[in-house]
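I have placed the structure first, in the form of structure tokens, so that the comments after it can refer back to it.
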Amino acid sequence: TLIKVNKANSPQKGKISISKEGELFYGVNVSGGIDENGNEISTVYQPVYETAGLAGATYEIRAAENIITPDGTIHNKKGDLVDTVTTGKDGIAVSKTLYLGKYSIKETHAPYGMVLNDEVHTVELTYTDQTVKLTETATSFFNERQKVKVNLEKWLETNEAFDIGTNGEIKNISFGLFAEKEIVSSSGTSIPADGLIEIITLDEKGNGYVNTELPFGSYYVKELSTDEHYILSDKKYPVV
């Protein structure tokens, strides 16, 4: 008796793993208190960053070529969208099972507070071994934070008759940069609403610069001290 067994070989498939990292607002350093002379030092909140996996990045995976199995079947044409994935808390996203071939990966949505990465990565799922049913390839993306730069300029009213405003009084003025609303880090610590982040001094031309790398959020500037010839202003200037 002759028994024939017809068994079709299933084409090997694979998955694409995408990892996403970026500089994350992780914590807050708090300084202040009382100095050795008993003078109060303003409490200052400084953001701390670390590189970590980022959740919430979305990617489109497209066929970078016609995806053809050995039997000649075209499963996807070049440019076809084959999957859309979003990274989890660990910064990892994994595609569904795909046929072997070349695929392009593009970020379509960046995590909150991050700049969209417009690089297009091309990866290839390749044949490994006839005993392996599923293969895997990986690629990674890095995102830059959305960064805020704050500069300010101050003018003084002068009085030539009393020789006021032209003798370096501008350098006696300082401003504070404050958080308009609470800014919460990934660890749960936060810069409170109206928390002072940096004290800004002015040069002889009245220019001041913020050196702190600021997390994404809302801020304002307010005068902290002024020269004895001038009245201290309590006006808040939004950072826009």
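The values are calculated or read from the model by the stated rules, or taken from the named source; none is laboratory data. These numbers were taken from a predicted model, which means no experiment stands behind them. Backbone-built Cβ (ideal geometry, glycine too); neighbour counts: all protein chains shown.
Considering only residues that are in contact with a Leu (Cβ under 9 Å, 6 or more places away or on another chain), polar (S, T, N, Q) and closer than 30 Å to residue 141 by Cα, which ones fall in region 19-60?
Passing the criteria: only 51.
Whether any residue in region 156-175 is in a strand (DSSP E or B) and either crowded, with 17+ Cβ neighbours inside 10 Å or at pLDDT 80 or above (or both) is what I want to check.
Taking every residue of region 156-175 in turn, at least one turns out to be in a strand (DSSP E or B) and either crowded, with 17+ Cβ neighbours inside 10 Å or at pLDDT 80 or above (or both).
Of everything in region 198-240 that's polar (S, T, N, Q) and either over 30 Å from the mean Cα position of the chain (by Cα) or not in a strand (DSSP E or B) (or both), which residue is nearest to residue 31 (Cα to Cα)?
212
Return the residues of region 17-43 that are touching a residue at least 60 places away in the same chain (Cβ under 8 Å) and under 23 Å from the mean Cα position of the chain (by Cα); say none if nothing qualifies.
17, 18, 19, 20, 21, 22, 23, 24, 25, 26, 27, 28
Of everything in region 84-113 that's among the aromatic types (Phe, Trp, Tyr) and not in a loop (DSSP other than H, G, I, E, B), which residue is nearest to residue 19 (Cα to Cα)?
Per the stated criteria, the residue is 103.
Considering each residue of region 44-57, count those that are polar (S, T, N, Q) and either closer than 16 Å to residue 145 by Cα or free of Cβ contacts under 8 Å to residues at least 24 places away in the same chain (or both), and give that number.
Step one: filter region 44-57 for residues polar (S, T, N, Q), giving 46, 51.
Filter once more, so that each one left must be either closer than 16 Å to residue 145 by Cα or free of Cβ contacts under 8 Å to residues at least 24 places away in the same chain (or both): 51.
Number of matching residues: 1.
Collect the residues in region 59-83 that are assigned to a strand (DSSP E or B) and surrounded by 15 or more Cβ atoms within 10 Å (Cβ to Cβ), keeping them in residue-number order.
59, 60, 61, 62, 63, 67, 68, 75, 76, 82, 83
Report yes if some residue within region 87-99 is under 30 Å from residue 26 (Cβ atoms), surrounded by 13 or more Cβ atoms within 10 Å (Cβ to Cβ), out of contact with any Lys or Arg (no Cβ under 8 Å at 6 or more places or on another chain) and not aromatic (Phe, Trp, Tyr); otherwise report no.
To start, the set of residues in region 87-99 that are under 30 Å from residue 26 (Cβ atoms) comprises 87-95.
With surrounded by 13 or more Cβ atoms within 10 Å (Cβ to Cβ) added as a condition, the list becomes 87-88, 91-95.
Cutting the leftovers down to out of contact with any Lys or Arg (no Cβ under 8 Å at 6 or more places or on another chain) gives us 88.
Then keep just the ones that are not aromatic (Phe, Trp, Tyr); that gives 88.
Yes, region 87-99 contains at least one residue that is under 30 Å from residue 26 (Cβ atoms), surrounded by 13 or more Cβ atoms within 10 Å (Cβ to Cβ), out of contact with any Lys or Arg (no Cβ under 8 Å at 6 or more places or on another chain) and not aromatic (Phe, Trp, Tyr).
Among the residues of region 41-57, are any modelled with pLDDT under 95, over 30 Å from residue 193 (Cβ atoms), assigned to a strand (DSSP E or B) and not assigned by TED's automatic domain parsing to the domain that holds residue 194?
no
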